[in-house]
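Computed from the coordinates by the stated procedures, all read-outs in this text should not be read as laboratory data. Keep in mind the model is a prediction, meaning the values are calculated, not measured. Reconstructed Cβ throughout: ideal geometry from the backbone, glycine too, with neighbour counts over all protein chains shown.
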Amino acid sequence: MQKPKMAIQLYTLRDHIKTAEDFDSTLSRLQNMGVRDVQISAIGDIPAETQRDILQKHGMQVCVTHKSFDWMLEAPQDVIEHHRIIGCSAIGIGAAPNDARYNTRTVRAFIEKAQRVGKLFRESGMQFHYHNHAFEFHRLDDHMGCMMDLLLNETDPELFWFIPDLAWIRYGGQDPAEFLYKMRGRVKVVHFKDYVFDKDGYRKFVSLGRGVVDLKACYQAVCELGIPFIAYEQDCDWTDGDPFKSTEESWAFLQSL
């Protein structure tokens, strides 16, 4: 079995990567924790060359990104060049646009656009990646299945890859460890995320290992499938309101695996 590399999804620390100075400081803190791989998402308006220089300063590699789908549609060559500069071949989006989520027609229209972009990326040695939430597992208005069924079954595995988010898969009613096998050969990075339900029944995100997601079973599946990267991500509800503290706790959990 191949053991994955561990990474940090910088969306967790998004309020601390808005300027070049903050990006530098944040990567310094992560470097001191032993982090060598990151996902770039929700970063401020920092030129690609500056990002590259700061990444190199701290010995960091970018395993995947989240970028605007509109940017990919409007200026795909700019997206490709940006990723060439920062040294990343995996280009992701955080979710499908709102207008793509209603029925088979809107989902298929999104798939057509995504695969058009994915073909351009592929021709440039890069790959389009899709990050899920829970809505992809809700039944479509005009279909007994869900959006995820269409994304899995009606996309070209050469052009459309996935960034499976384990917490959202579980929240969507699926077993995340088992679901990873449905994406076999189409995943470079898995998002490890955890949550609990509070006393009022509301979902609350927590540091890894403190919630309801069976992350040890997911880790075993990642190893068996040979997926190269696991990235910790937490959307909100950080420990003591401090995303760095939650990151440190979650990083320790990943090392324990």
Open item on the list: Can you find a residue that is farther than 24 Å from THR65 by Cβ and not polar (S, T, N, Q) anywhere in segment 156-165?
Closed with: no
Open item on the list: Among (1) surrounded by 22 or more Cβ atoms within 10 Å (Cβ to Cβ); (2) over 18 Å from ALA95 (Cβ atoms), there is one condition TRP168 misses while meeting the rest; what is its number?
Closed with: (2)
Task: Selection count, segment 141-158, where residues are part of a loop (DSSP other than H, G, I, E, B) and surrounded by fewer than 19 Cβ atoms within 10 Å (Cβ to Cβ) - done: 9
TODO: Scan segment 151-165 for residues that are under 24 Å from VAL79 (Cβ atoms), more than 15 Å from the chain's Cα centre (by Cα) and not polar (S, T, N, Q) and report the count.
DONE: 6
Open item on the list: Six or more apart or on different chains, Cβ atoms under 7 Å: show the pairs whose first residue is in segment 212-239 and over 14 Å from MET1 (Cα atoms) and whose second is of a type in the set (Asp, Glu) and part of a helix (DSSP H, G or I).
Closed with: THR239/GLU249
- [ ] Please identify the pairs in which a residue from segment 149-161 that is under 11 Å from MET183 (Cα atoms) and free of Cβ contacts under 8 Å to residues at least 60 places away in the same chain has its Cβ atom under 9 Å from the Cβ atom of a residue that is hydroxyl-bearing (Ser, Thr, Tyr) and crowded, with 18+ Cβ neighbours inside 10 Å, counting only partners at least 6 apart or on another chain.
- [x] LEU151/TYR130; PHE160/TYR130
Task: Hits in segment 86-129 (condition: more than 26 Å from THR50 (Cα to Cα) and under 15 Å from the mean Cα position of the chain (by Cα)) - done: ALA95, ALA96
